[in-house]
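FYI, it's all coordinate maths here, none of it is from the lab. All values derive from a computational prediction rather than experimental measurement. Don't worry about glycine lacking a Cβ; one is built from the backbone with ideal geometry, like all the others, and counts go over all protein chains shown.
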Amino acid sequence: MILVETLNSVRHQSSSSSQPELPAIEARNLVKTYRGDVRALDRLSFRVEAGAIFGLLGPNGAGKSTTVKILTTLSRPDSGEARVAGLDVLRDAERVRHAIGCIGQKSGVDSEATGRENLTLQGRVYGLRGTELKRRVAELLERFGLDQAADRVTRTYSGGMQRRLDVAMGLVHHPSVLFMDEPTTGLDPEARADMWKEIARLAREEGITILLTTHYLEEADRLAQRLAIVDRGRVVAEGSPEELKSELRGDTIHMELAQAEDASKAHSVLSRLEELRELVIDTRTLYARADRGATTVPIALATLESAGVKVASVTVARPSLDDVYLRYAGRSFREADQGGSR
Ligand SMILES: Nc1ncnc2c1ncn2[C@@H]1O[C@H](COP(=O)(O)OP(=O)(O)OP(=O)(O)O)[C@@H](O)[C@H]1O
Ligand SMILES: [Mg+2]
């Protein structure tokens, strides 16, 4: 009962614009070191307003899953504090577990049980019984397009169907805060688009606060109202996708060189041009920013040509989240993701 009151108060505050909003999730200076001296979290902090979709965006090993595990009470920080749905994750772990739904990076579905059995068991764990449980299971099976397949063992489900069942299981007890660790990794584009729609609907129509982690810049850009870019266990930038992008003045120029060996020569001649700033090389691609991309590109190309450097392609674009990441982490997202964060 106390739990329900807490949740209602979180929801109530979110709908009242005159009240200062109580954050649904708050992480303060979380530190976590694993054996072998891996500092997975290094004073990580952020907050999520009730009813929002918040993205934790970062490459492999950035600390996303470690953060989710701490916030969902599956792991303890070495230091720092966290509150979820108004409750302290260390002191009130049991109540936090009832207030949240959690969809882990790895599927929690029992592959030898049917979809209906998986959901029913999950509902029992949360204390649902009898007709209430039956009704909730049927409702979720239908909502997630699994009613036809409900009585098949989930080993026969496609990746997208298994992921939808994972989400349905996370929702069985009507949580107010939902954690989704990489909800769309491994899904094909169509299944990913369906999942995006469902995530947006949960926040919009049911007022559920959603924290999702993702490797996909596009996913964070499309779905999250606010996001934190995490790198090496720290938040390096936080804001709405638009805010983060608009902090980068001007245009982004990407120049792919014909030969990787020319990269350092290209960097050295281009760094003398005052029209270009924030020049970064990643193998054979040069990234730079300019106030006016369209007039700067010919100057840059002429400079490279007179240095004998051949260019394979050039693009000029408005800043993307990739550029935001590059700016704050000092390397491209692709490079960080392929190489791991450390
Ligand atoms: N149980 C563990 N024991 C030792 N080191 C761990 C453990 N779990 C995570 N780590 C390390 O902590 C760091 C952060 O890992 P974490 O899983 O939080 O990253 P992530 O951002 O979720 O990465 P990914 O995108 O690959 O899922 C990594 O260097 C990882 O190797
Ligand atoms: Mg992870």
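Of everything in the range 199-236 that is of a type in the set (Asp, Glu) and surrounded by fewer than 18 Cβ atoms within 10 Å (Cβ to Cβ), the residue that is nearest to ligand 1 (Cβ to nearest atom) is 218. Do we find a residue being of a type in the set (Asp, Glu), surrounded by fewer than 19 Cβ atoms within 10 Å (Cβ to Cβ), part of a loop (DSSP other than H, G, I, E, B) and free of Cβ contacts under 8 Å to residues at least 60 places away in the same chain anywhere in the range 256-268? No, the range 256-268 contains no residue that is of a type in the set (Asp, Glu), surrounded by fewer than 19 Cβ atoms within 10 Å (Cβ to Cβ), part of a loop (DSSP other than H, G, I, E, B) and free of Cβ contacts under 8 Å to residues at least 60 places away in the same chain. Beta carbons closer than 6 Å, at least 6 apart along the sequence or on distinct chains, pair a first residue in the range 62-80 that is closer than 14 Å to residue 212 by Cβ and part of a helix (DSSP H, G or I) with a second that is near ligand 1 (Cβ under 7 Å from one of its atoms) and small (Gly, Ala, Ser) for 64/58. Would you check if residue 26 is in contact with a Lys or Arg (Cβ under 7 Å, 6 or more places away or on another chain) and either within 30 Å of residue 143 (Cβ to Cβ) or more than 16 Å from ligand 1 (Cβ to nearest atom) (or both)? Spelling it out, residue 26 is indeed in contact with a Lys or Arg (Cβ under 7 Å, 6 or more places away or on another chain) and either within 30 Å of residue 143 (Cβ to Cβ) or more than 16 Å from ligand 1 (Cβ to nearest atom) (or both). Within the range 174-192, the residues that satisfy the criterion of being within 16 Å of ligand 1 (Cβ to nearest atom) and either within 27 Å of residue 50 (Cβ to Cβ) or surrounded by 17 or more Cβ atoms within 10 Å (Cβ to Cβ) (or both) are 179, 180, 181, 182, 183, 184, 185, 187.
Would you say residue 104 is on the phi > 0 side of the Ramachandran plot and touching a residue at least 40 places away in the same chain (Cβ under 8 Å)?
Values: on the phi > 0 side of the Ramachandran plot: no; touching a residue at least 40 places away in the same chain (Cβ under 8 Å): yes.
No.
Taking the range 123-139, which residues are under 29 Å from the mean Cα position of the chain (by Cα) and over 18 Å from residue 99 (Cα atoms)?
So the first thing to find is which residues in the range 123-139 are under 29 Å from the mean Cα position of the chain (by Cα), and the list is 123, 125-126, 136-137, 139.
Matches in the range 123-139: 137, 139.
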